[in-house]
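Structure, as structure tokens:
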Amino acid sequence: MDCPVDRGALRRAELDSGLPAFECSRCDGRWVRFGDFLGWRERQPGEVPETPSHDSVAVTPEPSPTGPRRCADCGHLLTRYRVGHGVAFALDQCGRCNGVWLDAGEWEALRGRGLHDNLHQVFGPGWQHGVRTEEQRRATEAQFERQLGAPDFARTREFGAWLAEHPRRSEVLAYLTWMTR
């Protein structure tokens, strides 16, 4: 079994208590068989709550080499999936056997954020749709901030937050529309 990054030999390891994995001694990446992960997940007492990304948990491991990667088990090409939720890296999964490659530090970053037990969801369409929606929202906000300038954008966001919670929001919007014609 070879490392998807540097083709070095993988050795048996334990990613978490009761979760077998295979580790590369050169790049410190880990290969996890999806069935092993699901079995480990079923034995967990419950879901770990997600920690907000503004906490002091390091969520960006060292950048990994780019280029195509092959499955350590079956040789199929791996597909990259963005994690989202304030985590800046992507995970690699085999489309044939569903094995997962974790670059050095990624498991620890996921664990620190309470996302390690959601690994099986990261690769699903619902999670990935949420990631794309989050990225689109951030890009749109950045565009408005550039157009309005930071002070006006901050003021607009503050007003928007107030308006979103206002019990008579539709009347306030109607007045603003009338007032600005």
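Computed from the C-beta positions of Arg96 and Phe153, the FRET efficiency with R₀ = 41 Å rounds to 0.35. Between His76 and Ala161, the C-beta separation translates, for a Förster distance of 35 Å, into a calculated FRET efficiency of about 0.15.
Taking 0.36 nm per residue of separation and subtracting the Cα-Cα distance, full extension of the segment from Gln128 to Ala9 would add 39.7 nm. Just to be sure I understand the curve: with the Debye formula and one point per C-alpha of the chain, what is log10 I(q)/I(0) at q = 0.08, 0.13, 0.15, 0.20 Å⁻¹? Calculated log10 I(q)/I(0) at the listed q: -0.37, -0.75, -0.90, -1.42. With the simple model of a label 7 Å out from the Cα in the direction of the Cβ, Ser53 to Gln136 spans 1.7 nm.
Legend: helices of the chain (whole DSSP H runs) are marked when their alpha-carbon atoms reach 18 angstrom or more along the helix axis and their mean Kyte-Doolittle hydropathy is at least -0.5; marked are 150-165.
Considering only Arg41, Arg82, Arg169, the Gaussian network model of the chain with Cα springs below 10 Å gives its largest mean-square fluctuation to Arg169.
With contacts taken as Cα pairs under 8 Å at a separation of at least 6 residues, segment 10-128 carries a relative contact order of 27 percent.
Ignoring the sites themselves, the chain has its longest run without GluC sites (Glu not before Pro) in a DSSP loop having at most 13 other Cβ atoms within 10 Å at 51-181. At an R0 of 41 angstrom, the distance between the Cβ atoms of Gln143 and His120 translates into a FRET efficiency of 0.75.
Beyond 16 Å, what percent of the Cα pairs of segment 62-141 remain? So the portion of pairs separated by more than 16 Å is 53 percent. Assuming charge only on the beta carbon of Lys and Arg (+1) and of Asp and Glu (-1), the dipole of the chain about its Cα centre is about 520 debye to the nearest 20.
When each of Ser25, Ser170 is scored by the number of other beta-carbon atoms lying within 10 Å, the sequence from fewest to most is Ser170, Ser25.
We did not get these values from a lab; they are worked out from the coordinates using the rules stated. Every value quoted in this text rests on a predicted model; they were computed, and no experiment measured them. Methodologically, a virtual Cβ is constructed for each residue, glycine included, from the backbone with ideal geometry; neighbour enumeration extends over all protein chains shown.
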